[in-house]
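Since the structure comes first, as structure tokens, the remarks are kept for the end.
The values are calculated or read from the model by the stated rules, or taken from the named source; none is laboratory data. Bear in mind the structure is a predicted one, so any value in this text is a computation, not a measurement. Positions of Cβ are generated from backbone atoms using ideal geometry, with glycine treated the same way; all protein chains shown enter the neighbour counts. Please note that ligands, DNA and RNA were not included when accessible areas were found on the heavy atoms of the full protein model with its side chains. Shrake-Rupley method; radii C 1.70, N 1.55, O 1.52, S 1.80 Å.
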Amino acid sequence: MKKVFIDFRRCIGCGSCEAACAREHSGKPNISIVQTSELMMMSFNCRHCENAPCMLICPARALYRDEDGAVRVKYHECIGCMLCSIACPFGTPRFDERLKVMVKCDLCAHRRAEGKLPACVETCPMDALILATEEEIVGMKLKEAAVRREEFIRKVEDMMGCGP
């Protein structure tokens, strides 16, 4: 199951992801980037949790997982009780006043159906947003750690005069 991950080292807080999401979803973004310190950004977006509390608590059973694993809302079944937003550790489902239902990230289902990336991921100028499985992210992190380790070893060898 793929999710949107953020590489906090790359995020500059430009808001491109929020603007792209708003463009795709009737003017309201389903992702927000918050600056938590001078050097740190935090994204609030649906993590499409494996044991999604929003799905478990919904009395109308309006939340479901699609064929790609994204947690989505059946708008015609949602009663707008807001329990999903309360249960979500990220508080991402929100009440849409116009529609009178809860809305949340659907990983741009319409774009995925066309073989495209979610708008937030495709738009990020710093490639800080990544659509991947947890296993893919762990693999990327292990490769990055191996590269850093090799660079460190080369620096130590150069300092000690025992490099190639």
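Within region 128-164, track down each residue that is exposed (fewer than 10 other Cβ atoms within 10 Å of the Cβ) and outside any helix (DSSP H, G or I). Residues satisfying the conditions are 161, 162, 164.
Yes/no per residue for (1) open to solvent by less than 60 Å² (accessible area, probe 1.4 Å); (2) in contact (Cβ under 8 Å) with a residue 60 or more places away in the chain; (3) of a type in the set (D, E, K, R):
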{"residue": "21", "(1), (2), (3)": "yes, yes, no"}
{"residue": "30", "(1), (2), (3)": "yes, yes, no"}
{"residue": "38", "(1), (2), (3)": "no, no, yes"}
{"residue": "42", "(1), (2), (3)": "yes, no, no"}
{"residue": "53", "(1), (2), (3)": "yes, no, no"}
{"residue": "67", "(1), (2), (3)": "no, no, yes"}
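On the stretch given as region 11-31, residues that are more than 20 Å from residue 109 (Cβ to Cβ) and touching a strand residue (DSSP E or B) at 6+ places or on another chain (Cβ under 9 Å) total 5. The residues in region 4-31 that are farther than 15 Å from residue 96 by Cβ and either β-branched (Val, Ile, Thr) or out of contact with any helix residue (DSSP H, G or I) (no Cβ under 6 Å at 6 or more places or on another chain) (or both) can be counted, and the count is 15. Going through (1) over 19 Å from the mean Cα position of the chain (by Cα); (2) open to solvent by less than 20 Å² (accessible area, probe 1.4 Å); (3) closer than 28 Å to residue 133 by Cβ one by one, residue 109 falls short only on (1). Annotation: of all residues in region 1-19 being of a type in the set (A, V, I, L, M) and more than 14 Å from the chain's Cα centre (by Cα), the one that is most open to solvent (accessible area, probe 1.4 Å) is 12. Residues in region 71-109 that are at pLDDT 95 or above, part of a loop (DSSP other than H, G, I, E, B) and among the small types (Gly, Ala, Ser): 80 alone. Select from region 55-65 the residues that are closer than 19 Å to residue 109 by Cβ and in a loop (DSSP other than H, G, I, E, B) and write down the one among them that is most open to solvent (accessible area, probe 1.4 Å). The qualifying residue most open to solvent (accessible area, probe 1.4 Å) is 61.
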